[in-house]
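Have a look at the structure below, then the notes.
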Amino acid sequence: MDQLSLAVESSHARRQRLGERLFASATLIAAVLVLALLGGVTIALVNGAWPALARFQLGFVTRSIWNPVTEQFGALAAVYGTIITSLIAMLIAVPVSFGVAVFLTELSPRWLKRPVGVAIELLAAVPSIIFGIWGLFVLAPILQETVEPWLIGLLGPLPAIGPLFRGPPYGIGVLTAALVLAIMVLPFISSVMRDVFETVPDVLKESGYGLGATTWEVVWQVVVPHSRVGIVGGIMLGLGRALGETMAVTFVIGNAHRISSSLLAPGTTISASIANEFTEAVGSLYTSSLIALGVLLFLITFSVIAVARFMLLRLERRALSSV
Amino acid sequence: MSRSLRRKVTNALALALSAVATVIGLTCLAAILWTLVSDGLAGVSGHLFTDMTPPPGSAGGLLNAIYGSAALTVIGILIGAPIGILAGTYLAEYGRETRLAGVIRFINDVLLSAPSIIVGLFIYQVVVVPVGHFSAVAGALALAVIAIPVTVRTTEDMLRLVPQGMKDASTALGAYPWRTILGVVYPAARSGIVTGLLLAIARVSGETAPLLFTALNNQFWSTDLAAPIANLPVVIYQFAMSPYPEWQQLAWSGALLITLTILLLSIAARFVLAVLQPAKRSR
């Protein structure tokens, strides 16, 4: 090789190396940015919440008073509302989603499988505000006029669970919010469960059938134990969504910072309080208290989501290693 | 009852319940879509797309909100997508199974399902407070933060589908990884990346909570990115909560518009993946 082509060659190689270094560092920077995003969110929120947390200390979590006039703020009512609405929503949505997933994987005729599956996946993409306004304009009036009076008459006088169903039928309140949440997370949990059920190897199911098991016995004794981790992971992801959901709840919860024994009474959740009050909050302590609510929500959902992702990750690894 | 009969009855009962659950679930969801279409269509007219959001008690349209939503979404994606695609490339091509990549993957999954109102609070703290007022830029940044994890996830998944043999062939020709990625991997995964972008747009365009205290709202026509800007989700929120029938009607029409847009985007995403991807493989 003569001198000239060697020089050309090396300048080409140098350009390639430079390009490699630039591109590789660009991707690395972008990836680290994702990491920094979570750190940034944590720092910004704790920073904003600091005045309120320093002022009320542990009392912020243990008191349910929320009075902007006297500037006394406690998160207990909002935390309670967040947890109770999500729990009721999961109590409704999980069994129904399980049914949908079983139907889609084991029961549905082949021609129905795809349309129903696709419909459910598309519905999971419908924005939550749609569920919110439907809850406010359609579901709440129905509940107020028919369902809630009936519940009050039927369950109100009972000794143990009676107090949950007493008081006037407002239409909007904890129960309505929970129902809207349940409908909203339903497509999401169903499609995760279906995906998990489909990871069960056919051989396992076939050996169940070979032993003479019924479809239900195969589902309950083969499919469910095999996909247990994935099911719990999917439920936790749904729970994470329900806990942090804002718009579906804000419309129908009634935004009352109190803990009522009745599920029919208005309440509030963390996200609904922030959405309702943030832009109207006067004074730095009020704003800071709302951000502190955000910190609590972040802690709650972060732990739920982290557990869920960890479980789903384990399932993925197992699926990979069994291939 | 004999044992075998009991098993059969249990089986029939359980399967019937699962069918009932499916019917109940689909009925609820169909009811929502039905209300949305019937109530939303009632307000659809030319004015919806030519008039501004009205003051209480008078008729109007959603032009400024539609424009604002489009602008916020476009800017948000323009900021978020490149970061997301690059980070996804790192995870799929450079980081792979390293510890750092594992941590980033996990954090990204957490961000993917983090409550969007938290993102709103975050941008409020780092953009709105220092600047001193709400702005379209803040709204777009909030949407970008939401778009990033979605794009990272889909990009990584799609790049990993590209056969290792194609990358090896490029490497064997003496190409550096960046040439391989730009010249072989990206073109091969193009339809997957486009799908990811469409899904990110769909996800972002219905978000309400993060816009409430970043972009805020604006009753008038505004293209000023430093000022609050009208946008469909927040307009729907405010109008639906109001006692005025005209506003509530506009809220339903806006809701229908958003849902149709998102459903179209989701269907387009499936179409791109289903139709373009196999065609490429068979070549």
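The values are calculated or read from the model by the stated rules, or taken from the named source; none is laboratory data. Please read all numbers here as calculations on a predicted model, not as lab measurements. So basically every Cβ, Gly included, is an ideal-geometry build from the backbone, and we count neighbours across all protein chains shown.
For the reader, a short list of remarks on this structure follows.
- Which numbered condition B:L216 fails, given (1) more than 12 Å from every other protein chain (Cβ to nearest Cβ); (2) under 20 Å from the mean Cα position of the chain (by Cα); (3) hydrophobic (A, V, I, L, M, F, W, C); (4) not in a helix (DSSP H, G or I): (1)
- Qualifying positions in region A:252-311 - facing another protein chain (nearest Cβ under 10 Å) and basic (K, R): A:R309
- All of A:L296, A:L312 fail the test of being over 18 Å from A:T176 (Cα atoms), touching an Asp or Glu at 6+ places or on another chain (Cβ under 9 Å), surrounded by fewer than 23 Cβ atoms within 10 Å (Cβ to Cβ) and in contact (Cβ under 8 Å) with a residue 24 or more places away in the chain, apart from A:L312.
- Pair list, Cβ under 7 Å, 6 or more apart: region B:102-117 residue within 7 Å of another protein chain (Cβ to nearest Cβ) and within 15 Å of A:G40 (Cβ to Cβ), other residue among the polar types (S, T, N, Q) and surrounded by 22 or more Cβ atoms within 10 Å (Cβ to Cβ): B:A114/A:T301
- Scanning region B:86-101 for residues that are more than 7 Å from every other protein chain (Cβ to nearest Cβ) and touching a helix residue (DSSP H, G or I) at 6+ places or on another chain (Cβ under 7 Å) yields B:G88, B:A92, B:E93, B:A101.
- Filter result (farther than 16 Å from A:L104 by Cβ and within 12 Å of chain B (Cβ to nearest Cβ)) within region A:213-232: A:A213, A:T214, A:E217, A:W220, A:Q221
- A:L151 meets all of the listed conditions (1) facing chain B (nearest Cβ under 9 Å); (2) at pLDDT below 90; (3) crowded, with 17+ Cβ neighbours inside 10 Å; (4) assigned to a helix (DSSP H, G or I) but one, namely (1).
- Candidates A:F188, A:F165 - the one that is closer than 22 Å to B:T259 by Cβ, aromatic (F, W, Y) and touching a residue at least 60 places away in the same chain (Cβ under 8 Å): A:F188
Conditions (1) without any contact (Cβ under 8 Å) to a residue 60 or more places away in the chain; (2) over 30 Å from A:A182 (Cβ atoms); (3) hydroxyl-bearing (S, T, Y), marked per residue:
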{"site": "B:S2", "(1), (2), (3)": "yes, yes, yes"}
{"site": "B:V9", "(1), (2), (3)": "yes, no, no"}
{"site": "B:T35", "(1), (2), (3)": "yes, no, yes"}
{"site": "B:S45", "(1), (2), (3)": "yes, yes, yes"}
{"site": "B:P56", "(1), (2), (3)": "no, yes, no"}
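- Residues of region B:1-58 that turn out to be at negative phi, outside any helix (DSSP H, G or I) and not hydrophobic (A, V, I, L, M, F, W, C), as a count: 9
- Considering (1) in contact (Cβ under 8 Å) with a residue 60 or more places away in the chain; (2) facing chain A (nearest Cβ under 8 Å), the lone condition that B:A138 does not fulfil carries the number (2).
- Yes/no for B:I83 being more than 13 Å from chain A (Cβ to nearest Cβ), in contact (Cβ under 8 Å) with a residue 40 or more places away in the chain and either closer than 30 Å to B:T50 by Cα or of a type in the set (A, V, I, L, M) (or both): no
Conditions tested, residue by residue: (1) modelled with pLDDT under 90; (2) over 23 Å from the mean Cα position of the chain (by Cα); (3) surrounded by 13 or more Cβ atoms within 10 Å (Cβ to Cβ).
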{"site": "B:R3", "(1), (2), (3)": "yes, yes, no"}
{"site": "B:T10", "(1), (2), (3)": "no, yes, yes"}
{"site": "B:L17", "(1), (2), (3)": "no, yes, yes"}
{"site": "B:V20", "(1), (2), (3)": "no, yes, yes"}
{"site": "B:S38", "(1), (2), (3)": "no, yes, no"}
{"site": "B:L48", "(1), (2), (3)": "yes, yes, yes"}
{"site": "B:S58", "(1), (2), (3)": "yes, yes, no"}
{"site": "B:G61", "(1), (2), (3)": "yes, yes, yes"}
{"site": "B:G88", "(1), (2), (3)": "no, no, yes"}
